[in-house]
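Trainee: Okay, here's the structure, questions in a sec.
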Amino acid sequence: MRAYKGILFIFSILCGSALLWYFSKPMAPIHPLNTLSHVIGGLAITCLFLVFLLATRIKMLERWFSGLEHVYFYHKLLAILSLVLILIHGQLQKMIPDEELTQQTPLNEFAKDLGELAQYGFIFLIILAFIAKFLKYEHWRWLHRLLLVPYTLGIYHAYFSSHYDLLQPSALGVFTALTTTIGFMSALYMLTMYQDMFFPYKGQISSIQRLTPEILEIKLKLTKQLDYRPGQFLFLKVFQEGIEKAPHPFSISGGVDNKSILR
């Protein structure tokens, strides 16, 4: 089964965002470059909303994308796209005529400064995510969580440096409020509640065997039967003193009744 529903979902959200930003009326006439900058910046914020939403591993999204591995593929793709859009938005801001910039208020200037800070934060943290194989998983995991900080700054930047009144109940205002709220709550959920709510299966490890330097085989006896399809993987948390409790992905290589073999 192909991930056409998930792809259509992403495409619809991004196209809707671009159209809303492009056709919405600013509070005062602005330069065409400023309009383009707002469209690109709005798309960047929307991409980040999707990045955080896909990270929640919601079952519905897993079905739409035909597997969690595909969810993570588009999660990574959207992270790359958001970084590109942020960089383009930053460059376009530098090309806006000076006479338009002189109309900014101190609040606009502060929001613009926070936007630049958010941009540098995203560049640093997303690049770190791409070189994760050179970091310990536990270190990368905590650095990855810090993306919520520049995302929050980016939301503030979008609301208070924009030439569009996003606080009004317009189509753009409602869309922006919904996506930023869901994106922020998704990130907060992963930080605070995911560890307690997303692991319904419990069990004991019956054996551990190192098959190769790169492959570790773990046999589990679960308290209830696990339904799975060939090729799937799951996240395993080990509750033992001295072992990092962060969930790690394992491929399911077999199982009978409530006994599973992970690699």
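Rule-based calculations on the coordinates, nothing more; no lab input. Since the model is a prediction, treat every value here as computed from it, not as a measurement. Counting neighbours? That spans all protein chains shown, and the Cβs are built from the backbone with ideal geometry, glycine included.
Trainee: Residue by residue through the stretch 164-180, which ³J(HN,Hα) values in whole Hz follow from phi under the Karplus form 6.51 cos²θ - 1.76 cosθ + 1.60 (θ = phi - 60°), with glycine and proline marked x?
Mentor: Whole-Hz 3J(HN,Hα) from phi for the stretch 164-180: 10, 7, 6, 8, 8, x, 7, 4, 5, x, 5, 4, 5, 4, 5, 5, 5.
Trainee: HN-Hα J couplings of the stretch 10-25 from phi, Karplus 6.51/-1.76/1.60, θ = phi - 60°, integer Hz, Gly and Pro as x?
Mentor: 4, 4, 5, 5, 5, 5, x, 4, 4, 5, 5, 5, 6, 9, 6, 8
Trainee: Note the full-extension length gain between Lys5 and Phe239 as 0.36 nm times their separation in residues minus their Cα-Cα distance, in nm to one decimal.
Mentor: Working: separation 234, 0.36 × 234 = 84.24 nm, distance 3.67 nm.
Answer, rounded to one decimal: 80.6 nm.
Trainee: Let's test the formula: R0 of 25 Å, r as the Cβ-Cβ distance of Ala18 and Phe124. What FRET efficiency results, to the nearest 0.05?
Mentor: Details: r = 27 Å, r/R0 = 1.07.
FRET efficiency, Ala18 to Phe124: 0.40.
Trainee: Collect residues whose amide H, placed 1.01 Å from N in the peptide plane, falls under 5 Å from the amide H of Leu236; neighbours closer than 5 in sequence don't count.
Mentor: Excluding prolines and chain starts, which carry no amide H, the hits are His248, Phe250.
Trainee: Still on this model: Considering only Cα-Cα distances, which of the following residue pairs are longer than 20 Å: Lys5/Lys224; Lys5/Lys76; Lys76/Lys112?
Mentor: Numbers: Lys5/Lys224 31 Å; Lys5/Lys76 18 Å; Lys76/Lys112 27 Å.
Cα-Cα > 20 Å for Lys5/Lys224; Lys76/Lys112; rest within.
Trainee: Compute the distance in nm between two label points, each set 7 Å from the Cα along the Cα-to-Cβ direction, one at Leu143 and one at Leu167.
Mentor: About 3.8 nm, to one decimal.
Trainee: Say each of Leu216 and His31 gets a label point 7 Å from the Cα, pointing the same way as Cα to Cβ; how far apart are those two points in nm?
Mentor: 5.5
Trainee: Just how far, in whole angstrom, is the stretch 1-19 from the stretch 30-55 if you go by their alpha carbon centroids?
Mentor: Value for the Cα centre distance between the two parts: 15 Å.
Trainee: Skipping prolines and chain starts, which residues have an amide H placed within reach, meaning under 5 Å, of the one on Ser253, given they are 5 or more residues away or on another chain?
Mentor: Excluding prolines and chain starts, which carry no amide H, the hits are Ile261, Leu262, Arg263.
Trainee: Sticking with this one: Enumerate the amide H contacts of Phe65 below 5 Å, restricted to partners 5 or more residues apart or on another chain; note that Pro and chain-start residues carry no placed amide H.
Mentor: Counting only residues 5 or more places away or on other chains, the set is Gly6.
Trainee: Let me ask something else. Given the peptides 82-94, 16-28, arrange them by the average over their residues of other C-beta atoms within 10 Å, most packed first.
Mentor: Details: 82-94: 18.0, 16-28: 15.1.
The most tightly packed comes first, giving 82-94, 16-28.
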